[in-house]
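The values are calculated or read from the model by the stated rules, or taken from the named source; none is laboratory data. What you see is a predicted model; the values in this text were computed from it and never measured. So basically every Cβ, Gly included, is an ideal-geometry build from the backbone, and we count neighbours across all protein chains shown.
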Amino acid sequence: MKGKYKNKKKRKKTPVKNHLVAVDARVEEKRPREEEHKSETTKSEGDMSSASKWWREPAHIIQTIGIGIGAIVAFVYIRQLCQMIEANKISRDSLQSVQRAFLVPRKPNVDRFLQTGNVPVWQINETWENVGSTQAVGVIQHTSASQDENMPDGDKFIGDTKDSQYLITYIGPKMTRDTDPIIAPDDFIPTVKNPTDVAVFTGHRYIWGWIYYRDAFPESKPHVSEFCEELIRVRPSPTPDSQKAMFRDCPRHNCADGDCDDFKTLVSVAERHLALGK
């Protein structure tokens, strides 16, 4: 029997003790990593839990409510401020519209006199009146007259920009100022002595003019008033010097500010002259 098993190789016995030690080492090496990972996971979950529950903290709730109330108050204040600014602007504009200067023309004054050499001529003056409550400043005016078939328009109405009648002055409240005199020939106004006579007109006779001004208020807008009148009748008189000329308004150029078709042109001409005059 002993010979039967004589040639069999003896099995190598595994050292059990060493194997258990290696396994324990691997387990011990793995355990810190698992604990570290578990710690990080727990910390992350704790952060998420605290972040998701920040609104439950009384301090955060009060802070959020305070921010919301502050935003509402700021919105209401800004809106009230805008309304106050708009109300002040409306009040200022209303005050200026009531107290502003406003220049209107009166009926022209017509006088006959003898020039040098005993030449009879007519002197025509238009009167501007400030019916407003404050003075008109930077006043520039122009007047003219002509015998023409056509009513003055365009450049003829505006006049020569180098005209000496472009004088810079002012008109106080409730005051009047005459324009520079227009000197017209004697036949500009026909002489009618007898009540039954009829004045003979050759062509039409026009007098016209315009005036530019500003209010005394700072940054006030420019204003323009215009007039245009046509001679239609002469009241008879024993002497030419005492007869009266009667006029009527032209279809155009009796206006003020934006109602005048040439408002912007006149403002440009007047302000250019103001700049040169200064």
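Selection of region 133-158 for residues being out of contact with any helix residue (DSSP H, G or I) (no Cβ under 7 Å at 6 or more places or on another chain) and part of a loop (DSSP other than H, G, I, E, B) yields Gln135, Glu149, Asn150, Met151, Pro152, Asp153. Regarding region 191-200, can at least one residue be identified that is buried (at least 18 other Cβ atoms within 10 Å of the Cβ), modelled with pLDDT under 90 and under 23 Å from Met246 (Cβ atoms)? Checking region 191-200: at least one residue is buried (at least 18 other Cβ atoms within 10 Å of the Cβ), modelled with pLDDT under 90 and under 23 Å from Met246 (Cβ atoms).
Can you pull out every residue in region 130-159 that is hydrophobic (A, V, I, L, M, F, W, C) and either in contact with a Phe, Trp or Tyr (Cβ under 7 Å, 6 or more places away or on another chain) or outside the structural domain of Phe217 (by TED's automatic domain parsing) (or both)?
Val131, Ala136, Val137, Val139, Ile140, Ala145, Met151, Phe157
On inspection, His273 passes the criterion of being in the same structural domain as Gly138 (by TED's automatic domain parsing), over 14 Å from Val110 (Cα atoms), touching a strand residue (DSSP E or B) at 6+ places or on another chain (Cβ under 7 Å) and modelled with pLDDT under 90.
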